[in-house]
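Participant: Below are the structure tokens for one structure; questions will follow.
The values are calculated or read from the model by the stated rules, or taken from the named source; none is laboratory data. The model shown is predicted, which means the values in this text are computed figures rather than measured ones. When we count neighbours, we look across all protein chains shown, and the Cβ atoms used for this are built from the backbone with ideal geometry, even at glycine.
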Amino acid sequence: MGIKHCCYILYFTLALVTLLQPVRSAEDLHEILPSPNGTRRGLQACEANNIVDQCWRCKADWAENRQALADCAPGFAKGTFGGKLGDVYTVTNENDDDVANPIEGSLRFGAALERPIWIIFERDMVIHLNQELVINTDTTIDGRGANVEIINAGLHINNVKNVIIHNINIHDIKPNEGGIVKYNDGPARKRPKSDGDAIYIARASQVWIDHCSLSMTADELIDVKLGSTLVTISNCKFSQSQFVLLLGANDEDVEDKAMMVNVAFNTFADQVDQRMPRCRHGFFQVVNNNYDRWGTYALSGSAAPTILSQGNRFFAGDEPSKKSVVMRSGPGTEGSMSWNWRSDRDLLENGATFEPSGVDPVLTPEQNAGMIPAEPGEAALTLTAFTGVLSCQPGVPC
């Protein structure tokens, strides 16, 4: 074969290879073409790995449609719309010096407005609360688009409903002696002392805590009690705490038999000891969380709660005394093996053990409606890859 024929064959071979190259999809082109704002984030596909994040995180216009977040509340908190039907209030300064007469533009001034309100933040802030921040009915605190830290005193959600707390870093919370505080449309009033919880929830319903980072408190990171129900705690990062998550404070509080709570897609890691959660009386779904070592135990309870542990990853510490996931406690433990504590598709690693008890319960229609679909424990690391506070920029997916 001559040189001329070889050239023809080479030419047609190259042409055929070019024609057979796959046509790029719109998604492919989006990944390789620069975004209008030229940010590196715009060059990457959005990663939203669980059903909550998939509802909103990949939308570049999230900042223009902040209140659409309320449509994403999962589990028992589904239908919680916070301040969606009200005005947007922007926090413009960190000041909390005068808790009896807070200045306009402060977080306390906005939280005291006794009407539907969606609170956002003008810029990064470290807010040193001098007293607990009382949250009213129909309120959202939305920290997306800024790095918002709350220190010294926590959030107080008591005898209200329809509250969303999102993308806030709460840490270094101390007990407080109380004082005269403005917390509604009326005059400032005396507030009792607080124990030092990051988020205190009592006698409340329809509460959604999502994408918060919580650490270093004198008492619980989150305390839910006294008949509170329809609560979902999702996508949060819990760290550096002895007492993490208390769901029901006393065996005598029989009103907590109506409590229903989801604990979903959270990370428990970095010096967490116990109560992740500790449950009393009610119905609790603990689903697709990542537990990376614990101290005394991960899950506990008393007063015959129902705990459904589904698709969690439990990675035990190296010490032989820190292998057990669960601990039953309180009066009546002699009958605790009849309590419905079930493990379904949990991933037990590094010698972790889970001793189940009871039977698979027959769910009521309300319980069944509030269940978050569980994936196998092998998926937990992926589902919790973006727990805690997110760094969000307007104009691009979060």
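Participant: Quick one: in the range 340-389, which of the residues that are among the acidic types (Asp, Glu) and under 21 Å from the mean Cα position of the chain (by Cα) is farthest from residue 262 (Cα to Cα)?
Facilitator: 378
Participant: Here is a list of conditions, (1) surrounded by 15 or more Cβ atoms within 10 Å (Cβ to Cβ); (2) touching a residue at least 40 places away in the same chain (Cβ under 8 Å), and residue 361 meets all of them except one; can you say which number that is?
Facilitator: (1)
Participant: Something else: Hey, among the residues in the range 188-216 that are of a type in the set (A, V, I, L, M), in a loop (DSSP other than H, G, I, E, B) and touching a Lys or Arg at 6+ places or on another chain (Cβ under 9 Å), which one's surrounded by the most Cβ atoms within 10 Å (Cβ to Cβ)?
Facilitator: Out of the qualifying residues, it is 204.
Participant: Collect the residues in the range 141-167 that are within 14 Å of the chain's Cα centre (by Cα) and either part of a loop (DSSP other than H, G, I, E, B) or within 18 Å of residue 395 (Cβ to Cβ) (or both), keeping them in residue-number order.
Facilitator: Passing the criteria: 142, 143, 144, 167.
Participant: Pick from 261, 287: which is under 17 Å from the mean Cα position of the chain (by Cα), farther than 26 Å from residue 196 by Cβ and either of a type in the set (Phe, Trp, Tyr) or at pLDDT 95 or above (or both)?
Facilitator: So the residue among 261, 287 that is under 17 Å from the mean Cα position of the chain (by Cα), farther than 26 Å from residue 196 by Cβ and either of a type in the set (Phe, Trp, Tyr) or at pLDDT 95 or above (or both) is 287.
Participant: Let me ask something else. Tell me, which strands (runs of 3 or more DSSP E) lie completely within the range 286-378 with 2 or more residues that are polar (S, T, N, Q)?
Facilitator: Because the criterion is at least 2 residues that are polar (S, T, N, Q), the strands (runs of 3 or more DSSP E) in the range 286-378 that meet it are 299-302, 306-310.
Participant: From 292, 251, grab the single residue that is under 23 Å from residue 379 (Cα atoms) and charged (D, E, K, R).
Facilitator: That would be 292, the only listed residue that is under 23 Å from residue 379 (Cα atoms) and charged (D, E, K, R).
Participant: All but one of (1) closer than 18 Å to residue 289 by Cα; (2) in contact with a Pro (Cβ under 7 Å, 6 or more places away or on another chain) hold for residue 340; state the number of the condition that does not hold.
Facilitator: Residue 340 satisfies every listed condition except (1).
Participant: Here is a further query. Out of the range 81-99, which residues are buried (at least 23 other Cβ atoms within 10 Å of the Cβ) and touching a residue at least 60 places away in the same chain (Cβ under 8 Å)?
Facilitator: Those that are buried (at least 23 other Cβ atoms within 10 Å of the Cβ) and touching a residue at least 60 places away in the same chain (Cβ under 8 Å): 82, 83.
Participant: Checking the conditions here, which among 164, 150 is within 21 Å of residue 99 (Cα to Cα) and surrounded by 23 or more Cβ atoms within 10 Å (Cβ to Cβ)?
Facilitator: 150
Participant: Quick one: which residue in 205, 213 is of a type in the set (Ser, Thr, Tyr) and farther than 21 Å from residue 276 by Cβ?
Facilitator: Being of a type in the set (Ser, Thr, Tyr) and farther than 21 Å from residue 276 by Cβ holds for just one of 205, 213, which is 205.
Participant: May I pose another question? Starting from residues that are hydroxyl-bearing (Ser, Thr, Tyr) and touching a helix residue (DSSP H, G or I) at 6+ places or on another chain (Cβ under 9 Å), keep the ones in the range 100-142 and report whichever is surrounded by the fewest Cβ atoms within 10 Å (Cβ to Cβ).
Facilitator: So, considering only residues that are hydroxyl-bearing (Ser, Thr, Tyr) and touching a helix residue (DSSP H, G or I) at 6+ places or on another chain (Cβ under 9 Å), the one surrounded by the fewest Cβ atoms within 10 Å (Cβ to Cβ) is 139.
Participant: Turning to a different aspect of this structure: Could you please let me know if residue 70 is part of a helix (DSSP H, G or I) and modelled with pLDDT of 85 or more?
Facilitator: Against the criterion (part of a helix (DSSP H, G or I) and modelled with pLDDT of 85 or more), residue 70 qualifies.
Participant: Let me ask something else about it. Testing residue 183 on (1) closer than 30 Å to residue 368 by Cβ; (2) touching a helix residue (DSSP H, G or I) at 6+ places or on another chain (Cβ under 8 Å); (3) not in a strand (DSSP E or B), one condition comes back false. Which one is that?
Facilitator: (1)
Participant: With 172, 185 as the choices, which residue is within 30 Å of residue 69 (Cα to Cα) and loosely packed, with under 15 Cβ neighbours inside 10 Å?
Facilitator: Just a single option satisfies the conditions, and that option is 185.
Participant: Quick one: how many residues across the range 81-99 are touching a helix residue (DSSP H, G or I) at 6+ places or on another chain (Cβ under 7 Å), assigned to a loop (DSSP other than H, G, I, E, B) and not aromatic (Phe, Trp, Tyr)?
Facilitator: Counting residues in the range 81-99 that are touching a helix residue (DSSP H, G or I) at 6+ places or on another chain (Cβ under 7 Å), assigned to a loop (DSSP other than H, G, I, E, B) and not aromatic (Phe, Trp, Tyr) gives 4.
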